[in-house]
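A short worksheet on the structure shown next.
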């Protein structure tokens, strides 16, 4: 790719992330409000649509505090290490049909996603350590333990989709889901991968530290976990990364299990693929918000035993079953 | 033998119960999405105050005479548990008490309604006024005119004022 094209693509993706995060935050507050019989933000702008913009401006104008005893450089770099991978994953997300709708259709797409999603751990540990605060450090320890153990079921849940498609490229996986069974049912991988999808969803929630797996920033125990000492722009970066990965999780789920940008039935292909993709992603974003406002946080030991004793064996069994399918087909 | 004491847990059963409760919880929250919102957009939308609501006591005007019905007996001042009502009156020429001063310090009012209950002429009634914030302590002191004005907004309620039995 030409360097100029790359820069333009990077700018477009950054703009997309900012826009998505802006309205994911708004959406989350609205959905949680409705579920709790509240109204949610409705003051700034029409129906509160400008609320997040106001919040972001407030964060940007805040004083940027670095604690006196903090490790200065790691403290500054940590939010960047957390945000950049969340941004990099968008490189392989197939928003629509053809190469024009994906920044770079890597032939190792899914491997790349898995690799990049594991990087924020380093940033979180850096943040926790450099803050020189016991809550931050405890949060960072928990984060490290959690992300490393949930990486495994996450990868294992992604493998069956790769096995069925026979390729690691994200566009390739979507293309492999084309067509229908009996002319009605879409040939999406969810048909044989129901269990895989649930494992993926749980592991991905834990991986991007969202409720009910947010023990690393459990506010009732750890103040705010690894980002206790952060404020202003640096805090905004952590926040941005969290919501950017909320979209990533949904987008990858759609790509792997729900046919990406493919319409639910070929007769509905007059609706542009991008709309299909974003629409499907929106459904999963809603599901994540729904889970978030329903389930209480799991305990640390429960989280670990659930990951190792339940998710990993079940994911392995799921791979075995998929292998059987691939051989028989 | 600790085994006999230990409660036996059937893991498949527990897992099933767990899965069921998770699904049930999500159903509950999903139904909540469409529930009537309990938030009241306060300054724009107000509560519908129930009959017998006790706001600040007021002296509404009698529609017949145009003045309040206070006879200066001081029953309210004696009934007040926080002693915020002060009535000053003197004996007039026709052996009737003339009210010189009627003051009520809203800052300490506990809205118990005992003053309205004690009033023999139903002159003092509980209004429905609850927005009583002021910038200074002095502004929270109500004299007779202010109580009249407050009562004027609920004119016609004088007779039902003593419904707090």
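Failed condition for residue A:27, given (1) more than 14 Å from chain B (Cβ to nearest Cβ); (2) surrounded by 14 or more Cβ atoms within 10 Å (Cβ to Cβ); (3) under 30 Å from residue B:33 (Cα atoms), with all others met?
Of the numbered conditions (1) more than 14 Å from chain B (Cβ to nearest Cβ); (2) surrounded by 14 or more Cβ atoms within 10 Å (Cβ to Cβ); (3) under 30 Å from residue B:33 (Cα atoms), the odd one out for residue A:27 is (1).
Is there a residue in region B:86-96 that is surrounded by 13 or more Cβ atoms within 10 Å (Cβ to Cβ), within 14 Å of chain A (Cβ to nearest Cβ), without any contact (Cβ under 8 Å) to a residue 40 or more places away in the chain and out of contact with any helix residue (DSSP H, G or I) (no Cβ under 7 Å at 6 or more places or on another chain)?
No, that holds for no residue.
Would you check which residues across region A:162-188 are at pLDDT 80 or above and either part of a helix (DSSP H, G or I) or out of contact with any helix residue (DSSP H, G or I) (no Cβ under 9 Å at 6 or more places or on another chain) (or both) and list them?
Selection gives A:162, A:163, A:164, A:165, A:170, A:171, A:172, A:173, A:174, A:175.
Quick check on region A:1-17. Is at least one of its residues part of a loop (DSSP other than H, G, I, E, B) and away from chain B (no Cβ under 14 Å)? Full working, then the answer.
Quick first cut of region A:1-17, residues part of a loop (DSSP other than H, G, I, E, B) only: A:1-2.
Now narrow it down to the ones that are away from chain B (no Cβ under 14 Å): A:1-2.
Checked against the condition, which is being part of a loop (DSSP other than H, G, I, E, B) and away from chain B (no Cβ under 14 Å), region A:1-17 yields at least one hit.
Looking at region A:277-297, which of its residues are surrounded by fewer than 16 Cβ atoms within 10 Å (Cβ to Cβ), within 14 Å of chain B (Cβ to nearest Cβ) and not in a loop (DSSP other than H, G, I, E, B)?
The answer is A:283, A:286, A:287.
Just to be sure, is residue A:53 loosely packed, with under 15 Cβ neighbours inside 10 Å and either in contact with a helix residue (DSSP H, G or I) (Cβ under 8 Å, 6 or more places away or on another chain) or within 13 Å of another protein chain (Cβ to nearest Cβ) (or both)?
Details: loosely packed, with under 15 Cβ neighbours inside 10 Å: yes; either in contact with a helix residue (DSSP H, G or I) (Cβ under 8 Å, 6 or more places away or on another chain) or within 13 Å of another protein chain (Cβ to nearest Cβ) (or both): yes.
The answer is yes for residue A:53.
Name the single residue that is surrounded by the most Cβ atoms within 10 Å (Cβ to Cβ) among those in region A:253-265 being in contact with a helix residue (DSSP H, G or I) (Cβ under 6 Å, 6 or more places away or on another chain) and closer than 15 Å to residue A:189 by Cβ.
So the first thing to find is which residues in region A:253-265 are in contact with a helix residue (DSSP H, G or I) (Cβ under 6 Å, 6 or more places away or on another chain), and the list is A:253-258, A:260-261, A:263.
Narrowing further to those that are closer than 15 Å to residue A:189 by Cβ: A:253-258, A:260-261.
Working: A:253: 24, A:254: 26, A:255: 29, A:256: 29, A:257: 27, A:258: 24, A:260: 31, A:261: 24.
The residue in question is A:260.
Assess whether residue B:135 counts as being modelled with pLDDT of 85 or more, assigned to a loop (DSSP other than H, G, I, E, B) and over 16 Å from residue B:56 (Cβ atoms). Lay out the reasoning, then the answer.
Details: modelled with pLDDT of 85 or more: yes; assigned to a loop (DSSP other than H, G, I, E, B): yes; over 16 Å from residue B:56 (Cβ atoms): yes.
Criteria met by residue B:135.
Pick out, from region A:191-272, the helices (runs of 4 or more DSSP H) lying fully within it that include 3 or more residues that are more than 17 Å from the chain's Cα centre (by Cα). Don't jump to the end; show me each part of the working.
Details: elements: A:194-207, A:219-222, A:232-257.
By residue number, A:219-222, A:232-257.
Looking at the structure I just gave you, is residue A:138 under 25 Å from residue A:262 (Cβ atoms) and surrounded by fewer than 22 Cβ atoms within 10 Å (Cβ to Cβ)?
Working: under 25 Å from residue A:262 (Cβ atoms): no; surrounded by fewer than 22 Cβ atoms within 10 Å (Cβ to Cβ): yes.
Criteria not met by residue A:138.
Which is away from chain B (no Cβ under 14 Å), more than 27 Å from residue A:93 (Cα to Cα) and surrounded by 13 or more Cβ atoms within 10 Å (Cβ to Cβ), of A:249, A:310, A:300, A:274? Step through it out loud before you land on a result.
Details: A:249 fails: more than 27 Å from residue A:93 (Cα to Cα); A:310 fails: away from chain B (no Cβ under 14 Å); A:274 fails: more than 27 Å from residue A:93 (Cα to Cα).
Only one candidate qualifies: A:300.
Would you point out the residue of region B:97-115, among those that are in contact with a helix residue (DSSP H, G or I) (Cβ under 6 Å, 6 or more places away or on another chain) and assigned to a helix (DSSP H, G or I), that is surrounded by the most Cβ atoms within 10 Å (Cβ to Cβ)?
From region B:97-115, those in contact with a helix residue (DSSP H, G or I) (Cβ under 6 Å, 6 or more places away or on another chain) are B:102, B:106-107, B:114-115; that's our starting set.
Remaining after also requiring assigned to a helix (DSSP H, G or I): B:106-107, B:114-115.
On the way: B:106: 19, B:107: 15, B:114: 17, B:115: 22.
The qualifying residue surrounded by the most Cβ atoms within 10 Å (Cβ to Cβ) is B:115.
Taking region A:41-50 on its own, how many of its residues are surrounded by fewer than 17 Cβ atoms within 10 Å (Cβ to Cβ), within 14 Å of chain B (Cβ to nearest Cβ) and assigned to a helix (DSSP H, G or I)?
Adding up the residues that qualify gives 1.
Having 3 or more residues that are within 14 Å of another protein chain (Cβ to nearest Cβ) and surrounded by fewer than 17 Cβ atoms within 10 Å (Cβ to Cβ) is the bar; report the helices (runs of 4 or more DSSP H) wholly within region B:1-81 that clear it. Give the derivation first.
Details: elements: B:2-5, B:11-33, B:75-79.
Correct list: B:11-33.
Is it the case that residue A:38 is part of a loop (DSSP other than H, G, I, E, B), modelled with pLDDT of 85 or more and within 14 Å of chain B (Cβ to nearest Cβ)? Let's see the steps before the verdict.
On the way: part of a loop (DSSP other than H, G, I, E, B): yes; modelled with pLDDT of 85 or more: yes; within 14 Å of chain B (Cβ to nearest Cβ): yes.
When the stated conditions are applied, residue A:38 passes them.
The values are calculated or read from the model by the stated rules, or taken from the named source; none is laboratory data. Since the structure is predicted, the reported quantities are computational estimates derived from the model, not experimental observations. So basically every Cβ, Gly included, is an ideal-geometry build from the backbone, and we count neighbours across all protein chains shown.
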